[in-house]
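Inspection log for the structure reproduced underneath, given as structure tokens.
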Amino acid sequence: MNRDALVGRDGALAQVERSVRMLASGRSSVLEICGHRGTGRTAVLDHAVVLARRGGATVLTAAGECGTTTGGVVAELMSQLHRDERGSAAIGHLVELARATPLLVAVDDGELLDAESRAWLDALAGRAVRAPMVVVVVADTFQPVLPGATTIPLTPLGRDGVSALATRRFGREPDEELVRALHEHTGGRLSVLCPLLDRCDEETLRYGGDALADVFAAVTRRAVRSLPAEAAELLRVIAVCGPSFPVDLMGVLYRRRTLSLGRALELLVCAGLVTDVEKPQLLPGISSARVLEGMPAEVRDDLHLRAARLGHQCAVAPSEVARLLAGAPPVDEPWVVPLLRAVAREEMDDGCPAGAAGHLVRALAEPVTPVVRAELVLELAVAEYETAPVAADRRLARMLLETQPPECADVRLAAADQLWGRGDAGLLRRTLGAVRAAGGDHDSVTALYWIADDAPVEIPELGALDIAEIPTACDNPDRAGTTAWMCASQGVDITRTRSLANLALTAPATMLSSRLFACLALATADDAAEAVAGLDAVVEESREKRLTAVVPQALVMRAKVRAMVGDLDAAAADLEEAVARYPLGNLHLDVRPIIVAADILVCVERGRLDRAVALRASLTDDWIGFGYARTFFTFACAVLALVTGDPFEAVARADECGRWMLSRQWVNPAALPWRSVAAAALSMIGDHERAAGVCAKELELARRWGAPSAVARAHLSCAAVIGGQEHLHRAVELLTGSPFRLLRATALLELAQAAGPGASAAELKEAGEIAVLCRSVPLIARARGLGWEPGA
């Protein structure tokens, strides 16, 4: 008898011993030891047999395997008495024998009994009360053999039981890590635990779980090799299918039938490779790769393919079917690619981009149309943006450089949007500069070239960039938005700018980036409501298209326009979402400073200077790229330096903005009012002459552009540097009815301060109400400092 198998079975042993003692005193009982194979149930039965023999009882034993023929257990029991009775005659003889001497009838593997043997044992148990007799049967946990018996349940060992068995084997208590690893690898099943402990040595004890993994691998390989061929095939089916497949579907895939499905499962459970027969899965610690190793590749692929097809036909979870397809060869069946794409979408929604990428790579192995292939490449790049953004950039660049049929145009435009949104300006310019005619998308795609920032290093081997200049008038909505922003940045022809921007939004442009720049152009022309409406549409559409690099760009642009109109809380919410859902690290350093800069400016307007300073300090040089993103961040730093009392820093930062803007001929004050910041800072440090020149130039350029807000801001700058209430009156007049409420409130407060308390009640009241409505703490404080009281 295996004494190790009795460790941790004190309760079961006590119940068996009580029944044997009762037998010696002439009392009967019927017991059923219930548990999966590998839980020590046979050892408990043997313990009962040993105790009964020691007590002088007659012991008859049989096993379920005897039931290979009908009534086989009856024959086995009676043969030990050298008799040949069957049925009720055999029961009568055993009852008479028990009256003469106590009798123990022990049957192992009761779940394997045939129906006649089960009925006979049940009848014998019913007669046991008439004579000193114990009937004890071992069975699994699914179907009782003797329905009225007292059950003795056995379960796998817990950690305490594993620790006790290891202590018995090694002569000393193992450490907690080894116990944890032993339990994790074996699940507490004695059929696995005992062979594993047989192979453990002092080195295993010393190094614990790491060394145990190698020992367990060897034990597993040995167990698999010892299996009958049919049981080994079923084990491979279980390894491939996993716990999501019902047993009946595994039976369909288990093609050999000499060994029944139930018997093969019992063998696997007994070998310590599978958890149970009802919901079979590999024991913890046994990897499917280990089970499948050595299997011919074509056989393994065929098993994965058959399992995937069966799972799809029988409504197994799509994620499980997709997992099976990963191990199957291309099948060219219409359901495969849609299923993989749907599962990839679910993985993305669940925050598992690596899993989504794997499914999309598998989908690309299938034969598909050019359009579907382009869509898959785009979806794969989107998934890779969270794990391998540089690789995703290169994937999209290759797509744009490849010649594709005209029907792929919309997908290519979306790919250009995504590549632009990630922000690698150098790669974008090089790619767009090398794109050749491909259907009708060439002009639309290459229009982005003119608003991609200059890259610090060009790659010579890509050749000279030969993009034609963008026209100042066009009828292509995808080019119109870009052209509108170019016109707005250069401060020329506000009427044409509006016309182009409206064309991009109302046509509408297929490229979301074109519509975004159209919205910015409208904002510089004071058409803020139209800009916000357009941005709302782009935010929603970019989410629907799952262009994850475009969404944060759209949110930041909407935040900037909302801040311009004084909707500070909504602007802050947009920025918070952009950072929370699309981390800065996934964006290229040529674009990520824009989000931080926009947040700094919103914090300044809300009076949260501590947060603004912290944001400024959080962005180090290795997180700041080149081009407009760096310039916009520099502008935000200039504004922050000005309001925190560092005019020298503000001048230096504003001048740096000016150099970059002028190098591109972006002179419009409405695009970036760096001159206003420079003039205010210059005035603070006493350089009034240069401050006056900067103000005059800004006013000239603002008038050339013609947007009221830009002209009003220039007048406010002139009033602060040169003086004179006429500039203030003109600014207030220009901002009457303006959507830029914070700018109007600032103009009103400047005029109230210049006019004095007696003549400024109306201006103060309106400015205070605007400040409260916009939740601008600095403007509220300034209005109250000038004498305004809320509700007065």
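What to note about this one:
- Per-region count, the stretch 320-340, residues open to solvent by less than 40 Å² (accessible area, probe 1.4 Å) and part of a helix (DSSP H, G or I): 8
- Close pairs from the stretch 662-680: first part of a loop (DSSP other than H, G, I, E, B), partner charged (D, E, K, R) and modelled with pLDDT of 95 or more, Cβ under 8 Å, at least 6 apart: PRO669/ARG675; PRO669/GLU698; PRO669/ARG713; PRO673/GLU698; PRO673/ARG713
- The set of residues in the stretch 52-64 that are in a helix (DSSP H, G or I) and out of contact with any Asp or Glu (no Cβ under 6 Å at 6 or more places or on another chain) comprises ALA52, ARG53, ARG54.
- Failed condition for GLY491, given (1) at negative phi; (2) in contact (Cβ under 8 Å) with a residue 40 or more places away in the chain: (1)
- Within the stretch 75-119, the set of residues being at positive phi, loosely packed, with under 14 Cβ neighbours inside 10 Å and in contact (Cβ under 8 Å) with a residue 12 or more places away in the chain comprises GLY87 only.
- Among residues that are open to solvent by 30 Å² or more (accessible area, probe 1.4 Å), touching a Cys at 6+ places or on another chain (Cβ under 8 Å), in contact (Cβ under 8 Å) with a residue 24 or more places away in the chain and over 21 Å from ARG581 (Cβ atoms), LEU500 is not included.
- The one condition in (1) of a type in the set (Lys, Arg); (2) touching a helix residue (DSSP H, G or I) at 6+ places or on another chain (Cβ under 9 Å); (3) over 18 Å from VAL138 (Cα atoms) that ARG37 fails to fulfil: (3)
- Of residues in the stretch 640-670 being open to solvent by 50 Å² or more (accessible area, probe 1.4 Å) and aliphatic (A, V, I, L, M), the one farthest from ARG429 (Cα to Cα): VAL643
- Scanning the stretch 505-540 for residues that are over 31 Å from the mean Cα position of the chain (by Cα), crowded, with 24+ Cβ neighbours inside 10 Å and either free of Cβ contacts under 8 Å to residues at least 24 places away in the same chain or over 23 Å from LEU672 (Cβ atoms) (or both) returns a single hit, ALA509.
- When residues of the stretch 241-269 are limited to those that are in a helix (DSSP H, G or I) and touching a residue at least 60 places away in the same chain (Cβ under 8 Å), the one farthest from ALA231 (Cα to Cα): SER244
- Look at the stretch 14-28: where a residue is of a type outside the set (A, V, I, L, M) and a partner is part of a helix (DSSP H, G or I), sitting 6+ places away or on another chain with Cβ atoms under 7 Å, you get GLU17/LEU51; SER28/ALA128; SER28/VAL129.
- In the stretch 409-435, the residues that are within 10 Å of TYR449 (Cα to Cα) form Cβ pairs under 9 Å with partners that are among the aromatic types (Phe, Trp, Tyr) and modelled with pLDDT of 85 or more, at six or more places apart or across chains, as follows: ALA425/TYR628; LEU428/TRP420.
- Helices (runs of 4 or more DSSP H) contained in the stretch 719-785 and holding at least 2 residues within 29 Å of ASP687 (Cβ to Cβ) and over 50 Å from the mean Cα position of the chain (by Cα): 725-734, 741-755
- Any hit, the stretch 541-560, residues being under 29 Å from ARG704 (Cα atoms), assigned to a loop (DSSP other than H, G, I, E, B) and open to solvent by less than 10 Å² (accessible area, probe 1.4 Å): no
- Verdict on ALA712 being free of Cβ contacts under 8 Å to residues at least 60 places away in the same chain, assigned to a helix (DSSP H, G or I) and closer than 15 Å to GLU750 by Cβ: yes
- Filtered residues of the stretch 251-303 (kept if in contact with an Asp or Glu (Cβ under 7 Å, 6 or more places away or on another chain), open to solvent by 50 Å² or more (accessible area, probe 1.4 Å) and within 20 Å of ALA181 (Cα to Cα)): PRO284
- Within the stretch 735-743, not a single residue is open to solvent by 20 Å² or more (accessible area, probe 1.4 Å), charged (D, E, K, R) and out of contact with any helix residue (DSSP H, G or I) (no Cβ under 8 Å at 6 or more places or on another chain).
- Residues (within 28 Å of GLY92 (Cβ to Cβ), modelled with pLDDT of 85 or more and open to solvent by 70 Å² or more (accessible area, probe 1.4 Å)) located in the stretch 128-157: THR151
- Annotation note: Cβ proximity below 9 Å between a residue of the stretch 344-358 that is touching a residue at least 12 places away in the same chain (Cβ under 8 Å) and in a helix (DSSP H, G or I) and a residue that is open to solvent by less than 50 Å² (accessible area, probe 1.4 Å) and among the β-branched types (Val, Ile, Thr) (sequence gap 6+ or interchain) occurs for MET348/VAL382; MET348/THR548; PRO353/VAL382; ALA356/VAL343; ALA356/VAL382.
- The set of residues in the stretch 83-99 that are modelled with pLDDT under 85 and within 15 Å of THR58 (Cβ to Cβ) is empty.
- The set of residues in the stretch 681-703 being closer than 15 Å to PRO647 by Cβ, outside any loop (DSSP other than H, G, I, E, B), open to solvent by 30 Å² or more (accessible area, probe 1.4 Å) and of a type in the set (A, V, I, L, M, F, W, C) consists of MET684 alone.
- If you filter the stretch 386-432 down to residues that are open to solvent by 10 Å² or more (accessible area, probe 1.4 Å) and of a type in the set (Ser, Thr, Tyr), you find that the one that is farthest from VAL361 (Cα to Cα) is THR403.
- Total residues in the stretch 172-187, condition assigned to a loop (DSSP other than H, G, I, E, B) and either surrounded by 21 or more Cβ atoms within 10 Å (Cβ to Cβ) or not small (Gly, Ala, Ser) (or both): 4
- Matching entry among GLY724, GLY768, GLY785 (being farther than 27 Å from ASP655 by Cα, open to solvent by less than 40 Å² (accessible area, probe 1.4 Å) and without any contact (Cβ under 8 Å) to a residue 40 or more places away in the chain): GLY768
- For the stretch 270-286, residues that are over 34 Å from the mean Cα position of the chain (by Cα) and not in a loop (DSSP other than H, G, I, E, B) total 1.
The values are calculated or read from the model by the stated rules, or taken from the named source; none is laboratory data. Just so it is clear, the structure is predicted and the values come from calculations on it, not from any experiment. FYI the Cβ positions are ideal-geometry reconstructions off the backbone, even for glycines, and counts take in every protein chain you see. The accessibility values were calculated without ligands, DNA or RNA, using every heavy atom of the protein model including side chains. Shrake-Rupley method; radii C 1.70, N 1.55, O 1.52, S 1.80 Å.
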